[in-house]
Each structure stands twice: as structure tokens, then as C-alpha cells.
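I have placed the structure first, in the form of C-alpha cells, so that the comments after it can refer back to it.
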Amino acid sequence: MNTSENSKDSPSPCEEMVGSFETEANDSADESDDSEESEPKLKYVRMKNSLVNIFNKYEAKCMAVHPKFVCLGNNWGMIHMLDHQGNTVLQELRLHSTDVNQISIDRNGDFIASCSDDGRVYIQGLYSSDNNQALKKENCKVKSVAIDPNYYKPGSGRRFITGDEQLVLYEKTFLVKLKSTVLCKAQGTVHNIKWEGQFVAWADNLGVWVFDIEARRSLGLIRWPRNPEALPENYRCNICWKDSSTFLVGWVDSVRVCHIRKRTPQEIAADRDKPEFIVDLVSSFETDFYISGIGPLDDTLVILGYAKEPDEDHNAQRPVMYVLEPQPTGFVELRYDSLSLRGYQHLTCNDYHLECLIEENNFFIVSPKDVVVATPYDADDRIQWLMEHCKYETAMEAVAQTENRQTRRYTLLQVGQGYLKYLLDNKEFEKAGQLCPKILGTEKRLWEEEVFKFARIHQLRAVSPYLPRGDDRLSSTIYEMVLYEFLKLDAKGFLNVLKEWSPDLYNVKAVTAALCEHCIQNEADQVLLEALAILYSHDQQYDKALAVFLKLRNSDLFDLIRKHKLYAVIHDMIEDLVKLDEEQAIALFLEKDEPTDKRKYLHASDVNKQGPKKYLVSPDVVVAKLEKSPRYQYLYLDALDTRDAKGAGQKYHGLLVKLYADYAKKKLLPLLRRSGHYPIQEALNICKERNYYDETVYLLGRIGNFKEALNLIMKQLGDIEQAINFCKEHHDMELWEDLINHSLSRADFITFLLQRIGTYVDPRILVQRIDCGMEIPGLKNSLVKLMRDYSLQVSVQEGCKKILSSDYFNLHNRLVTMQQRGILVDDDQLCGKCSRPIIVKDSNRACNVVVFFCKHSFHEECASEYCIICNAQKAPTVH
């Protein structure tokens, strides 16, 4: 099973051309125009120089490659020694009389082995003939030969292996000049031999064998499938060693990847007769083409393929170079290129060879009249291909990853400028603008060069968001060009750029003049007027800027005022600002000055000494300017009172009473209760005029007119509970009498009073004044509650009296007990009057001592009726 990353319906040609050699895409590519080309893996170069003359006379039959040189065997039995560019480095070797079948080179490049259908095998030293050997096999065509990789080493035995109908090892010994050993007999003919280290891989009609040359044992057979239409013996077996333990086989249309390993101890114990090494099959798959050669490329395989079917003219198709990723039972096709080799129309699968120089990842593709070298794409090749196929983003990523390491021809700037030109040509202007910072960096000259390209096609708008605006800013002319283009083609964009850009980037006066001229020639709309206001503010013409903003009713002017501290300029437009945006305007008027740097570091007490922060717009000015708009006055003073009720707001509580009465009645009574900074009589008149009874009651209470307040509660509000609370608040017996008098005519009021006043008033006052025969709902329950409340009050009073008496006697006993305690008098104490020691050891001078409860002590003759020290401290100072 094989899978493919890029479908065979969408191959891509290799663009690398040298001389007349080129690769072409498969003809079926036209079937899928939308498919994306995959990146090439290999580039191809035709070997020329001396090869041109060689191919004029001879045909190539085989090739062997070495890091130092290549050996080409022709159809006349000669071997040409060439460098990797096709130049002759040594005179050709005329060793055979007919086709050279195979050439093998030792690891050091000192000796080569060759064989031919003439039955001759030669070991030829390139620098010395001491160990040359020649072998002639009668009536036998030698199809393959392999030289020991260590042949150049003395003591190596100078070994080589030939293959015809059997596999024969030749080596030099001490007694015999050339000893031969038949290693294996072949089924049919030995088709190929490859020697690496101690292992030899060779093929006969059955399949591929692996032989351990040191142990002289065969490791086993990889049997090859036999198809009657394509028998293995009719095709060349292609074997390539990837390393000393891994080899690749491509034969007919099958591929095998094999790995040689040592058997594990468990495997050895199971069968000790088997060899030490075993061959594991790593990958096995079939292809839909014949295989002319195989080689490794890192973790992938390179296969030279030959189409099974001819083209429409019954000619052979071009050979194809495949790059495959092997899987255990399949592969992933990464890329393939069709190759145009000379005379490919008349060639067969066996006419092609693929030789690998693994050390350099070079692949030599050989046909009878052509040699092409395939090498992996390097970083520069890949970037060039990506650019040629307009894959600039990938190319830039590749440059960024490899710059200063692997790229010699391209830099990020070069690729980026190519990408930029491509985007502009294809009118992808936004993408081109986004690209500029990535490739131009902070290079002012490069920026200006590229910006002028945008200017020529009137697309400065696309690059404007990405222009440098920091320390690496460009010439002011560049930014002015951008603004002029926006002004002519995109008014909204012009406004947005003005808001985003710093005015330091361009000449403000020049842009303002251009805008004014444009507005004269064309009718100015709101967008352009807003832009004009911004330019005026940049030019510090704040009065003009504010006027334009007000005309536009644009709330951005509040930010302008704050930014430039224009509080002193706005006094005459206070009402207009409130009309524009009440919330923002009032918030602006309530702002206070910020503390200076010096003030920030003062202690709190020092800040308080400096006084409170001042409002940036004086409340007096705001109130005066809003005099004709009382609603706006209300909004402002309400916000001022909320923020600063005990400060600047107190001054306007009198005005605020009237405004609350007109616009916010719910806020009026709380203001009257918490503030004393308003004329009470005026407030009372306002409340009476508007019949605000709750507020009127409160104000009457404040001026001491309790009876009128109570009368208002009872007659206008009819709220007996409020009346009771009012009486409780003022503790006036006359009020209780008035309340009872107002309530005698209403039975429901009497019921309420009976339930509530038992703890405040002698209930007999109310009961005795109730008219006889008056029907009172709930009278019994009310009287019971009244008596209980009164009894509870009496009980509480008696309990308090008992507690008070008990506390009195307890405290008196404590005082007496404390006064009866002894007081310490020691030798150090002095008389409070004469300052002599209280205790005298001389009995003749001793006298009685008087000690007061304050612990001051005196001699008896110095003492008085009271402590003169304590009494002196309490006595007032006499002047």
C-alpha cells in the first residue's frame, strides 16, 4: 500500500537547469489545476566537460562513485576516470574488450575492480601497480564484482569477489598467490554484489542473499516475488548499503529495506546452529513502476523509476526520480521529477543506473549517453524555488531560520522586498503594509524608499498603521503625505489617524492649513470639523477647539479640558457643557486639584494644615452660571452635596432645600434632618406652600412650635403613631395632654393610645377622660395591655430602686473597709509641710504622726484638719 502527500496528478517540475538538461512534470498535472505544488527535494545538473567527447564515441554501461572521483565503464571495455564535474583526471584504462558490467572501488579510492562479458576481472591500482591482479575465466561472462573495502590496507588479504554462476572469493595468502573460494552457488546468474564491512549482499534468480564474510556463513535469503510478465532475471537488481548494517534493494517493482543485527541471547539459546547475525525486514512495498536504481537520502529513499507502459507514440517515457518515505508496508510519496535524459525514448529499464555518494548525498543518474547529478536542495535553492513559486511567507520563514548559517545568496530583506513587490503588483495592499515592519525594521532609508512605492499607487493608507512612531520615526514629510492622502480619499480614516498619531510626527500648522483649504473647497461635514478641532488643540488654540467641539456636540471636549487643564476657559460655557452631557459635565465641575509632588510626601497632619484641596471650577461660578437653569443647578448641587456635604456643599443647603422641594421631594426631609445650614423659616414657608406635611412637622418641631406640629400630624396626616413618636421625642406632658384631647373623639385613636402610652403616661389620665357609653373596639384587650405595661413599669422602677440601694450599701461598706486598712509609713517618707522625716529614731524628738487616706503624712504639730497638699492642688489660683 502506498500513500502520497502530493498526488501524482499534481507533480511539479524541477526548475534547476544546467546546459540542456531539464526536468518536466508528469503530463497528468493538468488534471488538477488547484493542487499546490510541493517543494522539490533535489536539483539536477548534467555532467559535461570531458563527458561530451566521451559520449560522442561511446556509451556508458556502468559507473562507480567515490568522494574523490567517478569511474565510468563504456561499451568498448574502457574505464574513464573523471572528477565530479566530468573532467578527465587519469588516462582511461583499456582493460576489457567488450561491455564493462560492473566497477567497484575500495574505501580509500586506491584500487578499482572491474568485470566484463569477456570473462576478465581486473584489480587496478590507481597510484601503484604492486597489488594489481588480473583474472581470466574461460567461457564465462562475469556479471558482477566487488572489491574488499579495506583492500588498500596491508594484511587485508587483498580480497575481491566475483559473480557469474557462483559467488567466488579471491584472496592472497602466504603460500598461494591468489586463492579462490566458492562461497555460494547461484540459481542462474549472480546479478549484483555489494560489499560493506564484513557483510556481502548479492542477488541471483531466487532473490537477495546476505553473506557474513568473516564467519563464512550465509545469513539467509530475501526471496523475490516472481511475475511471469516481469521475471527478476530480466531486470538488474539494485543494491545500496545505507550504512554498515542497513541496505536497500530495488528490483523489478519491489523495494525492501533490511537491517542486520546480532541475535539476542534468547534467540541464540533457542537455536545455536544459526549464525550470529540475523536480517530483519524493516520496510517492504511494491511500486507501479520498474526500478532502475535506489539510494538513501537521510530518512527517505531516492528511487530512479521507469514507467511500465510506453507513451502514446509507443516510445519509452521519461525516467522519474522519486523521493519516498518508507513505511513498514508502504510508503509516502514526497516528490517526484520527470527527467529529460538524451535518447530516453529508446532506452529500457536496464539502460539506467543510479549510483549514490552517500557522504555528500549526491546521486549520479547514468544513461548510455548522459550523466546527471542530483543533489538535495540547499537553503538558497529552496528559498529561490519558494520565491519563484510566489511562496514568500514560507521563504521568509526559511531565511529567518537559516540566515547567517546556510544562506549565501538571500537575506530576509531581499526576500521581503520581493514579497512586498509581489503584494503590491497583486493589489494586496493591506498585507503589504503589515509586511513592512518585519522586513524594514528600524532602517529609516529603507522605510522611506518603500513608502514612496505606496505613494506612487495612492495606497499610503495601507501602510499608515505600521509606520514607525517612536524614536526611529521617519521624516515629517512621510507622515504629512499619509495625512493628505487620507484627507482626499478617506475622511474618517483621516480623523482616526489624527487621534492615534502624536502631533510631533508632522507639521500641525501645515496640516491644519490643508484641512481648512479642503473644507473651503468642499462642504465640511462633522468628521472633518472634529478633525479640525483636534488639530486646533494640537496647535494650542484651545478656544477654537472647544468652540468646534461644542458646535458638534462632541463629548471629546471633556477629555480635552482635562488633558490641557482648561478649567479657567470654560466658565462661559458651563451651561452648554451640561446641556451636552449632564453626567460628564457635573463630574468635571466636581474635580479637585491634584496634589503636587511636594504635597504627596507630606504627613497627613501637614496636609491638613495646608487646607483642603480646591475645586478646579469654583462652585460659586457654577451655581451662578446655572442660575437660569434650576434643574441643572439641582443636578450639580445634589452631586456636590453627595460628595462634600460637610464642606463646600453646606453653603448651598438653603438653595438646595428649594431645589429638592421642586425636583426631589424624597431627598428634602433627610437634608432638613442632617443639616443646620439653611434658613429654617424660609424652608418652613417652602414646605407649607407645597403642603409637604412631614417636612413642615419636622421644621415646626425645630423652632419649638410643638402644638402646631402635633395639630398638623393629627388633622392633616391623621397618623396617631407618628403623633405618639413625636410626643416621645420631646418629653412634654402638655403634648401628651393635647394628643389625648385630639384622640378622644375617635375610638380607633383611643384604642391605639391605650396600647401604647402605658409606659409613658399615667393611664388614669386617659381612662378618666373617655366618655361614658363610647363604644371602643378592642377595649378589653387594650385595657389589659395598658395595665400590664403600667405594672411592668412600676415593677421596673421598684427593681431599679432596690438595685440602687443595694449598690449604695455595697459601695459604702467597701469604702469603710478600705479606710480601715493600715497605711505603710517608712523611713524615707517626709512630712508634707516641714519636709522633715516622719519617723525619727531619737525618742526625745519623736512625735505623733497623722496620715490621711490620700497617703500624705504629717507630724502632728504640722497637720491640719485636711491634707494641705491635696487641698492646695484643688484650690484655684489667686492672682
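The values are calculated or read from the model by the stated rules, or taken from the named source; none is laboratory data. Just so it is clear, the model here is predicted, and its values are computed rather than measured. We place every Cβ from the backbone using ideal geometry, glycine too, and count neighbours over all the protein chains shown. With ligands, DNA and RNA removed, areas are computed over all heavy atoms of the protein, side chains included. Shrake-Rupley method; radii C 1.70, N 1.55, O 1.52, S 1.80 Å.
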Below 8 Å between Cα atoms, with a sequence gap of 6+, how large is the relative contact order for the stretch 378-474 in percent? 22
Positive-pole candidate from Y235, G220, V257, dipole of the stretch 217-263, charges at beta carbon: G220
Taking a 1.4 Å probe, which of R107, R94, R256 shows the most accessible area, and what order do the others take after it? R94, R107, R256
Can you list the HN-Hα couplings for the stretch 231-243, worked out from phi with the Karplus curve (6.51, -1.76, 1.60; θ = phi - 60°), rounded to whole Hz and with x for Gly and Pro? 6, x, 5, 8, 10, 6, 8, 9, 10, 9, 7, 7, 8
Give me the lysines in straight-line cross-link reach of K666: C-alpha distance below 19 Å, same-chain residues under 8 apart excluded. K658, K688
Do the sum for the chain: with -39,500 (n - 2.57) for every DSSP H run of n ≥ 4, divided by all residues, what is the mean residue ellipticity at 222 nm, to the nearest 500 deg cm²/dmol? -11000 deg cm²/dmol
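What does the highest-first list of 192-201, 796-805 look like by mean Cβ count within 10 Å?
Result, highest mean first: 192-201, 796-805.
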In straight Cα distance, which lysines are under 29 Å from K492, not counting same-chain residues fewer than 8 positions off? K421, K427, K431, K438, K444, K453, K509, K544, K551, K563, K565, K579
May I ask you to compute the full-extension gain from L474 to I839, defined as 0.36 nm times their residue separation minus their alpha-carbon distance, rounded to one decimal in nm? 121.2 nm
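Of the accessible area of the stretch 792-837, with the probe set at 1.4 angstrom, what percent is carbon plus sulfur?
Details: 2330 of 4070 Å².
Result for the stretch 792-837: 57 percent of the exposed heavy-atom area is carbon or sulfur.
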Treating only the Cβ of Lys, Arg, Asp and Glu as charged (+1, +1, -1, -1), what charge dipole size does the chain show about its Cα centre? Round to the nearest 20 debye. 3820
Can you tell me the accessible area per residue over the chain, all protein chains present, probe 1.4 angstrom, in square angstrom? 53
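Within the set K61/K177; K141/K262; K143/K172; K308/K391; K48/K391, which residue pairs have Cα atoms separated by over 26 Å?
Long pairs (Cα-Cα over 26 Å): K61/K177; K141/K262; K308/K391; K48/K391.
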Of (1) 0.97; (2) 0.95; (3) 1.39, the label for Rg/Rh (Cα atoms, Kirkwood Rh) derived from the coordinates: (3)
Under 5 Å between amide hydrogens, which residues at least 5 positions from A60 or on another chain qualify, with H placed 1.01 Å from N in the peptide plane? K369, D370
So if R0 is 41 Å, what FRET efficiency would C516 and K614 give, r being the distance between their Cβ atoms, rounded to the nearest 0.05? 0.60
Mean separation of Cα contacts under 8 Å (at least 6 apart) over the residue count of the stretch 59-298, i.e. the relative contact order in percent, is 9
The chain, relative contact order [Cα under 8 Å, separation at least 6], %: 5
Looking at F852, C870, P837, which one has the Cα that reaches farthest to the positive end of the dipole of the stretch 825-878 (charges on Cβ: Lys, Arg +1; Asp, Glu -1)? C870
For the stretch 346-429, which whole percent of the accessible surface, found with a 1.4 angstrom probe, sits on carbon and sulfur atoms? 45
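Which chymotrypsin sites (Phe, Trp or Tyr not before Pro) in the stretch 90-142 sit in a loop by DSSP (not H, G, I, E or B) and have at most 12 other Cβ atoms within 10 Å of their own Cβ?
Counting only loop positions with at most 12 other Cβ atoms within 10 Å, the chymotrypsin sites (Phe, Trp or Tyr not before Pro) in the stretch 90-142 are Y127.
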Quick one: check the C-alpha center-to-center distance for the stretch 645-688 versus the stretch 255-305, whole angstrom. 103
What percentage of the solvent-accessible surface of the stretch 124-221, computed with a 1.4 Å probe over protein heavy atoms, is contributed by carbon and sulfur atoms? 46
If you plug each phi of the stretch 327-336 into the Karplus form 6.51 cos²θ - 1.76 cosθ + 1.60 with θ = phi - 60°, what whole-Hz ³J(HN,Hα) values come out, in order, with x for Gly and Pro? 10, x, 10, x, 7, 10, 7, 8, 5, 8
